[in-house]
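Here the structure comes first, spelled out in structure tokens, and everything after it is commentary.
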Amino acid sequence: MTVQGSDSSSRRGRRSSTMGGMPLNDMPWWRWRSNVRSALHMLSDPVFQRDVWLAGVEGYGDVTDAVYRLVEDTWLDNWSAEKYVGTIFRDSQEAALVDTAVLRVLRIMHQVGPDAQVSAYLANQGWPEAVRAARDAHVRMSMADGEDPDAPPRTLEVLAIMTRSA
């Protein structure tokens, strides 16, 4: 018997076909893109990380929340963003930037642990490189969507409102 995950997982219920058994109909592509963009935005902004995550400001989650938003529904921790070109990602360049960011952030997550304090992530020697990679992907995606990459990250409540199904 296969367990689908926790009750809070977006991957529950009847599974759809294709893409290695990943449920394709659980979430529309634009919600996936919004979640990936939100995560990259927070991971790419050192001022936000200091003023919000390190300060413990509520409403934005923490580093682990951002990493899960980046990979949970997209499975980018299991395969390349290239699979999503034409849906979540506009082109191969955008996908390659996202792949680089995902790999750098996951490497640190595996080194410090998913439940580590924010300070452990930020103190990791690879963090500046991960931030740069996330920034490159965030800027490219924001510009492609006609949004200002330097606007402050949105709260998780605003993200939830934006990604509600109509």
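Bear in mind these aren't lab numbers, they're just calculated from the coordinates by the rules spelled out. Fair warning: this is a prediction, and the values are worked out from it, not measured in the lab.
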- Message: Can you compute 3J(HN,Hα) from phi for each residue in the range 122-133, using the Karplus curve 6.51 cos²θ - 1.76 cosθ + 1.60 with θ = phi - 60°, rounded to whole Hz and x for Gly and Pro?
- Response: 5, 7, 4, 4, x, 4, x, 5, 5, 4, 4, 5
- Query: What is the Cα radius of gyration of the range 43-140 over 2.2 N^0.38 Å, N being its residue count?
  - Reply: 1.05
- Note on the structure: A correct Karplus calculation of ³J(HN,Hα) over the range 35-41, with 6.51 cos²θ - 1.76 cosθ + 1.60, θ = phi - 60°, whole Hz and x for Gly and Pro, returns 5, 4, 4, 4, 4, 4, 4
- With an 8 Å cut-off on Cα pairs and a minimum separation of 6 or more residues, tell me the relative contact order of the range 49-151 in percent. 24
